[in-house]
Every structure is written in C-alpha cells, then in structure tokens.
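As structure tokens, the structure follows; a few thoughts come after it.
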Ligand SMILES: Cc1cc2nc3c(=O)[nH]c(=O)nc-3n(C[C@H](O)[C@H](O)[C@H](O)COP(=O)(O)OP(=O)(O)OC[C@H]3O[C@@H](n4cnc5c(N)ncnc54)[C@H](O)[C@@H]3O)c2cc1C
C-alpha cells in the first residue's frame with residue numbers, strides 16, 4: 001500500500017474504545033473498505049479498560065432497555081460469533097433498596113422492562129434476596145429487582161475480539177496516534193494526528209475527551225468523569241451465588257470476580273483521589289450489609305472514571321455536520337450497550353432506520369428534556 005493511500009480514508013474514527021472499535025467493525029461488516037481507527041494510547045485504555053463489564057436489563061426508559069436486550073444478546077453469544085475467548089458469566093443482576101420511593105420506582109421500571117421485552121425481570125422481597133445472594137444481610141432492606149439472565153464479561157477481552165474481527169475485515173488501527181485537530185477541508189475532512197489524514201467521514205468516539213473535541217463545532221456534550229475506585233478481594237462466599245449487586249441507597253456494589261469479588265462504593269462525592277476513602281466506606285457498609293467481607297483481604301485496587309452523562313441519560317450518536325459524527329457518552333453502561341449502538345449507528349450512516357428505536361433521540365445537538373433514565377450504578 002502506498003503512503004498516499006494510507007493517508008486517505010473513507011472513515012476515520014477517533015478513539016479505540018468499545019465505541020470506536022465497535023463502529024469500525026460494523027461499518028466494515030457492511031462492506032466499507034477504507035476505515036482507520038486512531039487511538040492516542042492503546043486499545044481499551046480509556047473507560048473500557050476500567051469497566052466492570054456488568055450486563056443488565058434494569059433501566060427505566062424503553063430505549064435503554066431495548067439497547068440492553070441487544071447488548072446482552074451480543075455478549076451472550078460473543079464467543080461463538082467472534083470465535084474469541086470472552087466468557088459471559090450469567091451471575092444475574094440485583095438492585096436493592098430500603099427506601100419505599102426507590103422500590104416504587106423499581107416497580108415502575110420493571111413494568112417498562114417487561115413492556116420492552118426483557119424476559120426475566122423479578123421484583124423480589126427479602127426471602128428471595130436471601131436465595132439469590134445468601135451472603136447479603138437484608139436487614140433494613142424492603143426489596144429489590146433481579147434479572148437472573150444478566151451477568152458480566154471482560155470488556156478488554158471483548159474489545160480485542162472485536163478489533164481482531166474488524167482488522168480481518170480490513171480496518172486499520174493505529175495506536176499511540178493522537179488526533180490534535182479535525183478541520184473541514186473542502187468537501188472532506190483533514191485529521192491532524194502523527195500524520196495529516198484526509199477523510200470523507202470523521203467520527204469523534206473519544207470517550208471523555210469527546211466534549212473538548214466537539215466544542216469547536218458548537219457542541220456542548222454533557223459527559224463528565226465519575227470516578228469508581230474498585231477493590232479486588234481474596235476468595236469470598238465461594239460456591240454461593242453472587243449476582244452483580246447494587247445497593248441503590250448507599251452506592252455499595254459487589255460483583256463476582258473469580259473466587260473473590262470486585263467491590264466499590266459509587267458515590268459522586270468521591271473524586272479522583274478518593275480511593276482510600278472508598279475502601280474505608282466499603283468496609284463500613286459491608287460490616288452490616290455483607291458481613292462475610294470482613295474476613296477477606298484486598299488483592300489489588302483500581303481507579304477509573306466512567307462517562308457520566310447529564311440531560312436525559314442517553315448516549316450521543318449522530319451526525320453534527322456533513323461528514324462529522326459523534327459517538328460517545330454512555331453514562332456508565334457503554335461496554336454492554338456500545339456494540340448494539342455501534343450497529344445502529346453504522347446502519348444510520350448507511351441510511352437504514354432502526355425497526356424499534358428512533359435514532360433522533362441520540363442526536364448530539366438535542367436539548368434533553370429531563371432525566372428519562374435514572375438507574376445508574378451510583379448512590380441514588
Ligand atoms: C470503573 C468503571 C466501571 C464501569 N462499569 C461498567 C459496566 O459494568 N457496564 C458497562 O456497560 N459499562 C461500564 N462502564 C462504562 C464503560 O466502560 C464506558 O461507557 C465505555 O467503555 C465507553 O466506551 P468509549 O469507547 O466511548 O470510551 P473509551 O473506552 O474511553 O474510549 C475512548 C478512547 O479514545 C481515546 N482518545 C481520547 N482522546 C483521543 C485523541 N485525541 N486521539 C485519539 N484517541 C483519543 C482514549 O485513549 C480512549 O481509548 C464502566 C466504566 C468504568 C470506568
């Protein structure tokens with residue numbers, strides 16, 4: 001391939017996270033042959049790497065439930081479809097609360113989920129909580145909602161599997177190649193990175209960096225980093241079921257990880273330097289809610305920010321100027337839903353509408369009307 005042809009692409013995607021790589025894959029699957037992904041660091045080095053990989057149907061707006069259903073199918077069948085090792089652990093997903101108003105809201109959300117076709121949503125009381133999470137102390141809780149078919153996967157493995165499939169279809173991926181500017185150049189675009197690249201279409205899929213990158217085009221994307229500090233414990237409650245559990249009142253999150261667990265407290269008041277405070281808060285909350293954790297040690301800890309969105313809670317995906325697109329801001333559930341939205345976006349780029357969802361709802365230029373989606377992995 002000549003130098004000149006490598007500096008000209010039909011589509012340049014900025015960002016090698018689940019969004020950018022997922023989109024590259026679906027565009028290539030549709031037959032596009034000239035796609036470049038530019039990643040400033042390494043693949044999966046942004047939010048995607050930090051993700052807990054949780055998969056849940058439990059949302060409160062029909063659109064998010066629809067995307068979650070598609071996302072779950074994608075990850076359940078991923079190993080087979082992509083012939084790449086990335087197991088789906090069907091541990092289930094459990095949201096609990098001791099507040100009547102939150103339980104009422106979970107009831108309403110369950111109706112939305114059932115209406116949108118989620119097959120396994122249960123509103124549960126304390127006896128059932130004891131069955132599905134025997135290590136959880138239900139004292140002070142009123143109930144929760146539970147989806148046994150939900151689970152988790154390893155997002156970094158998943159992203160590498162998608163990248164491998166994309167490369168096979170001809171997608172070029174360049175790492176350590178940061179984009180410094182995107183400028184209109186006649187009827188196409190000029191992307192300044194390690195080299196100057198021409199593209200008919202540019203997609204800003206740079207996660208937390210997307211708002212800054214989109215600003216010159218008059219966009220105010222409401223995407224902000226919300227830090228999660230996670231601890232990975234030694235073996236705990238071995239042999240007992242451990243769904244991904246979120247206590248919506250305290251922000252306590254516990255997820256199975258090997259024979260141990262990944263634990264955190266999601267509370268917006270803990271900032272980037274809050275790791276020790278979060279681990280102390282976890283110990284304090286677990287003493288009552290999950291006393292079995294008093295016996296375990298932390299093998300390691302991690303800190304990463306997720307892509308919290310304001311407004312209506314939906315992602316930003318769509319064209320903002322002729323040939324310039326945005327695909328970012330998943331409010332902490334992009335590894336689950338990213339591929340489903342990427343497929344939808346690739347279809348939209350090809351002029352195909354979605355049979356269920358109105359793509360306009362993700363318009364990056366929209367003015368969101370209120371908080372349509374409220375269930376996020378954070379203290380309510
Ligand atoms: C701790 C944590 C837990 C999470 N848990 C879950 C979960 O359980 N389930 C779930 O579905 N989601 C979860 N998420 C959210 C999920 O990880 C994100 O929604 C998703 O990864 C977003 O993907 P992305 O591709 O938009 O962003 P990213 O993965 O951040 O990718 C963007 C990429 O763009 C690159 N980039 C930035 N600027 C430039 C530039 N100038 N030039 C080139 N490249 C650039 C970055 O290096 C990065 O690799 C979690 C996130 C975190 C941090």
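Conditions: (1) touching a helix residue (DSSP H, G or I) at 6+ places or on another chain (Cβ under 8 Å); (2) without any contact (Cβ under 8 Å) to a residue 24 or more places away in the chain; (3) closer than 18 Å to residue 28 by Cα. Residue 354 meets all but one. Number of the miss?
All conditions are met except number (3).
Mind checking whether some residue in the range 303-318 is surrounded by fewer than 17 Cβ atoms within 10 Å (Cβ to Cβ) and either more than 10 Å from the ligand (Cβ to nearest atom) or at pLDDT below 95 (or both)?
Checked the range 303-318: at least one residue is surrounded by fewer than 17 Cβ atoms within 10 Å (Cβ to Cβ) and either more than 10 Å from the ligand (Cβ to nearest atom) or at pLDDT below 95 (or both).
Determine if the range 18-31 includes at least one residue that is closer than 27 Å to residue 266 by Cα and touching a strand residue (DSSP E or B) at 6+ places or on another chain (Cβ under 7 Å).
So far as the range 18-31 goes, yes, one or more of its residues are closer than 27 Å to residue 266 by Cα and touching a strand residue (DSSP E or B) at 6+ places or on another chain (Cβ under 7 Å).
Go through the range 1-17 and give me each residue that's out of contact with any strand residue (DSSP E or B) (no Cβ under 7 Å at 6 or more places or on another chain), farther than 17 Å from residue 188 by Cα and either in a helix (DSSP H, G or I) or within 7 Å of the ligand (Cβ to nearest atom) (or both). Step through it out loud before you land on a result.
Kept after step one, since they are out of contact with any strand residue (DSSP E or B) (no Cβ under 7 Å at 6 or more places or on another chain), are these residues of the range 1-17: 1-6, 15, 17.
Next, only the ones that are farther than 17 Å from residue 188 by Cα stay: 1-3, 15, 17.
Matches in the range 1-17: 3, 15, 17.
Looking at the range 46-77 only, could you name the residues that are assigned to a loop (DSSP other than H, G, I, E, B), buried (at least 24 other Cβ atoms within 10 Å of the Cβ) and more than 7 Å from the ligand (Cβ to nearest atom)?
Listed by number, the residues that qualify are 56, 57, 58, 59.
Among the residues of the range 211-252, what is the count of those that are in contact with a helix residue (DSSP H, G or I) (Cβ under 9 Å, 6 or more places away or on another chain) and near the ligand (Cβ under 10 Å from one of its atoms)?
The total comes to 6.
Residue-wise test of (1) buried (at least 19 other Cβ atoms within 10 Å of the Cβ); (2) touching a residue at least 40 places away in the same chain (Cβ under 8 Å); (3) within 30 Å of residue 80 (Cβ to Cβ); (4) not assigned by TED's automatic domain parsing to the domain that holds residue 341.
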{"position": "136", "(1), (2), (3), (4)": "yes, yes, no, yes"}
{"position": "160", "(1), (2), (3), (4)": "no, yes, yes, no"}
{"position": "170", "(1), (2), (3), (4)": "no, yes, yes, no"}
{"position": "197", "(1), (2), (3), (4)": "yes, yes, no, no"}
{"position": "204", "(1), (2), (3), (4)": "yes, yes, no, no"}
{"position": "214", "(1), (2), (3), (4)": "yes, yes, no, no"}
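Residues of the range 304-325 being within 16 Å of the chain's Cα centre (by Cα) and assigned to a strand (DSSP E or B), which ones?
304, 305, 306, 307, 308, 309, 316, 317
Restricting to the range 144-158, and then to whatever is out of contact with any helix residue (DSSP H, G or I) (no Cβ under 7 Å at 6 or more places or on another chain) and assigned to a strand (DSSP E or B), can you tell me which residue is surrounded by the most Cβ atoms within 10 Å (Cβ to Cβ)?
That would be 152.
The values are calculated or read from the model by the stated rules, or taken from the named source; none is laboratory data. Everything numeric here is computed off the predicted structure, so don't read it as measured data. Cβ atoms come from the backbone with ideal geometry, glycine included; neighbour counts cover every protein chain shown.
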